[in-house]
Structures are given as C-alpha cells and as structure tokens.
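Read through the structure below, which is laid out as structure tokens, and then see the notes.
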Amino acid sequence: MGYKVVVVGATGNVGREMLNILAEREFPVGEIVALASRKSLGTEVSFGDKTLTTKDLDTFDFTGWDMALFAVGSEATKKYAPKAAEAGCVVIDNSSLYRYDPDIPLIVPEVNPDAIEMYSNKNIIANPNCSTAQMVVALKPLHDRAKIKRVVVSTYQSVSGSGKDAIDELWNQTKGMYVPGQEVAPSVYPKQIAFNVIPHIDVFMDSGDTKEEWKMIAETKKIVDPSIKVTATCVRVPVFVGHSESINIEFEDFLDEDEAREILRTAPGILVVDKREDGGYVTPVECVGDFATFISRIRQDVTIENGLNLWCVSDNLRKGAALNAVQIAELLGRRVLKKG
C-alpha cells in the first residue's frame, strides 16, 4: 500500500524538486501524477528513474487521491486547492496564500510537528516561506533551552527564490558585463542583480518593511512562539541557489556559545560546521542539493546580556520549499493517514 500523490506545478523549479525529493527519500508512493497549466501540458518530468508526462490541472479530478503538493502561485492555489481539499485530498501548499490563516497549520516538521493535527480543519497544510523555514529550524532548539526574546536577522537570498526567469537574468546579466552589445537590462528585479545586492524582496508595505520581511516576522511567531520579537532585513544577492542568514538572538536566560553549539549539533535537520579557521564555515555553494540546514559562526554577542550570533545556510529549493513539503507529507503519513 502506498499513497496516491499529486504534484501541482510539476514543471517549475520547486515542483521538479518535489518530484526529485519524493524519489530520493523513497516516499511510499503507490501512484503519482504531475499536473501543470495548459501551456506546459505534455511536458515530461523526472520521478526517480521514471518519466512522467504532465496532465491538465484545470480538468483534473482530485477524488481518491491522498495528498497534493502544490508548487504554484497564490492565484492558482486559490482556485484549485479548495477543489482538492473538498475532494478529500490533503493539500500541502507552498504558496503564501494560507500561511496566516489561524485555522490552517503552518509547519516545519522539526519545529512544530504536533500542529499536523490541525490539518482536518480545512484539509490544507501550509509550507512556510523559504527564509523562515531554515531560521526556525535553528531557533527552536535554542528557544527550548533559554527562551528567545528577540531576533535580528539579515538575509542573503539567492535568485532561485524568484524562479527560472530570475536565474536567467543573473546568468545573462553576468555574461553581458563582459560581452559588449549583450548587456541585459533588469526586468525581474528593479535593479541590476549581477555583481550587486538588492535590499528589496517582495512589495513594500506601509511600515517600510517589505512583504518578505513581514513574512519572516509573522511566520516565526506562528511556528515557534508569538512572544518572540523579530526584525528582518531581506536582501537579494547574486547567488543562484542557497539562502544565507546572519542571525542575532537575545535570550531571557544566559546561553553559552559552547552549549548552544552542542544543542544545535544534536537538533534534527541541522549540521554544525563551525571551525574558527579559514573555510571553517558553510557557504551557499556547499549547501546546494543537501537536505540539511547548516549552522556556522556561533559566538557570544557581548553587547547584550544574553546574546548569540550565528550564520545559517540552506538550499532554498529544498529545505525552503520542496524538502519541507515532502517532510510534511511524511509527517502526515506517519501521524494521520498511516498507509505507507
């Protein structure tokens, strides 16, 4: 017995990664279907050693399917996710549409697995924002030990978080810097991304925060603890895959850096690489294709009473999106559906 699994948006970066990870982790699939919009209909995608031909999302009947992993934008999710949920298929949604609905669980399995029980409210589970997911994996075990009061985070987010067109823009702009006549003007981003950094992700809000920064604040409170104060500055950098974060944490109780390092070493989903020498830390290049969230540069912040600094790196297409969705599917199977 295996699960009947639907992957919605199977031709996009995250959808393809979902299929790869389902195969890599040997998720107990009995039957699987890849869905796409009509413009991508018939596109072939890989699932392990198999090739799937995409079917039409618009006409698909979700009745009888166990779970659907959605990797499409909020507009398409708004149209199709309720159809799947009403047909009895549990939706695991990667868009931002349902993250802030109090009746829908927002889950990072290493952090708040018990929230899975809420799935039955609407038959929908939300996947968090990529920058939030890796951060809360690091925060939760430290919060359990010393209670976090405040987090100051600056992100260094790769272009893959904006999709294939953004990857192409970085690639083509970089080449255009060296080939006269092949210069590429910004179109995905408001300014040049090649050899540059842009302190602007998503739209600006009245507060002066961008929506990405607001997401990190709201999602950390929902997933970890509503009492934690969070302030964020989110920056797009010329890296293809892998988000990095500089995180400053203030605790209610003192936490020694050595104890923090040991707590993180034994925490689920984390690999600590923290040597105080040249190269004794992880950068985005090394994290690509890996399941882990990497923590480096753990050190005391002596400017506040109970403070730590750390560096957090993860593959945003994996832990930040596709991997977390598959881990939610695994959790749903273990705790609720119990077919695998």
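The values are calculated or read from the model by the stated rules, or taken from the named source; none is laboratory data. The structure presented is a predicted model; accordingly, all values stated were derived computationally and were not measured. Because the Cβ atoms are built from the backbone with ideal geometry, glycine has one as well, and the counts that use them run over all protein chains shown. Areas reflect the complete protein model, heavy atoms only, side chains present, ligands, DNA and RNA absent. Shrake-Rupley method; radii C 1.70, N 1.55, O 1.52, S 1.80 Å.
Report note on the peptides 174-185, 139-150: ranked by the mean count of other C-beta atoms within 10 Å, highest first, their order is 139-150, 174-185. Shape of the range 128-177 from its Cα gyration tensor (a ≥ b ≥ c, root eigenvalues): rounded if a/c is under 1.5, otherwise prolate when a/b > b/c, or oblate? Prolate shape, in that a/c is at least 1.5 and a/b is the bigger ratio.
Of the residues Asp278, Asp165, Asp256, the one with the largest accessible area comes first in the ranking Asp278, Asp165, Asp256, computed with a 1.4 Å probe on protein heavy atoms. Taking every full run of DSSP H in the chain, the ones that stretch at least 24 Å from end to end by Cα along their long axis and average 0.0 or higher on the Kyte-Doolittle scale are 130-146.
Once you divide the Cα radius of gyration of the range 156-268 by 2.2 N^0.38 Å, the number left is 1.36. With only the Cα atoms considered, the range 215-340 has a convex hull volume of 147 Å³ per residue.
Against the empirical curve 2.2 N^0.38 Å, the C-alpha radius of gyration of the chain lands at a ratio of 1.00. Taking the range 257-327 on its own, what percent of its Cα-Cα pair distances exceed 17 Å? It works out to 47 percent of all Cα pairs. Geometric descriptor of the range 24-77, per residue, is 101 Å³ (volume of the convex hull of the Cα atoms).
Apply the a/c threshold of 1.5 to the C-alpha gyration tensor of the range 61-187 and tell me whether it is rounded, prolate or oblate. Oblate shape, in that a/c is at least 1.5 and b/c is the bigger or equal ratio.
Mean separation of Cα pairs under 8 Å and 6+ residues apart, divided by the residue count of the chain: what relative contact order is that in percent?
Working: 769 pairs, mean separation 62.1, N = 340.
18 percent.
Of the listed residues Trp214, Trp65, Trp171, the order by accessible area with a 1.4 Å probe, largest first, is Trp171, Trp214, Trp65. Computed over the chain, the per-residue total of -39500 (n - 2.57) for DSSP H runs of n ≥ 4 gives a 222 nm mean residue ellipticity of -8000 deg cm²/dmol, rounded to 500. A simple count of charges around Ile217, restricted to other residues whose Cβ falls under 9 Å of its Cβ and scoring Lys, Arg +1 and Asp, Glu -1, yields 0. Of the peptides 43-50, 31-38, the ranking by mean beta-carbon count within 10 Å, highest at the top, reads 31-38, 43-50.
Might you tell me the accessible area per residue for the chain, computed with a 1.4 Å probe and given in Å²?
Heavy-atom accessible area per residue stands at 44 Å².
With contacts taken as Cα pairs under 8 Å and at least 6 residues apart, the range 21-65 reaches a relative contact order of 35 percent. Counting only DSSP beta bridges whose two residues both lie in the chain, roughly 50 percent are antiparallel.
The charge dipole of the range 196-302, taken about its Cα centre with unit charges on the Cβ atoms of Lys, Arg (+1), Asp and Glu (-1) only, comes to about 360 debye. Its relative contact order, with pairs defined as Cα atoms under 8 Å and 6+ residues apart, puts the range 42-138 at 22 percent.
Residue-normalised convex hull volume from the C-alpha trace of the range 147-211: 109 Å³ per residue.
Within the range 72-139, the percentage of alpha carbon pairs spaced more than 14 angstrom apart rounds to 56%. The base-10 log of I(q)/I(0) for the range 239-296, evaluated at q = 0.12, 0.25 Å⁻¹, reads -0.33, -1.20 [Debye formula, identical scatterers on Cα atoms, solvent excluded]. Here the label points at Ile304 and Arg335, each 7 Å from Cα along the C-beta direction, are separated by 3.0 nm in the simple model.
The range 159-185 and the range 33-59 have Cα centres separated by 28 Å.
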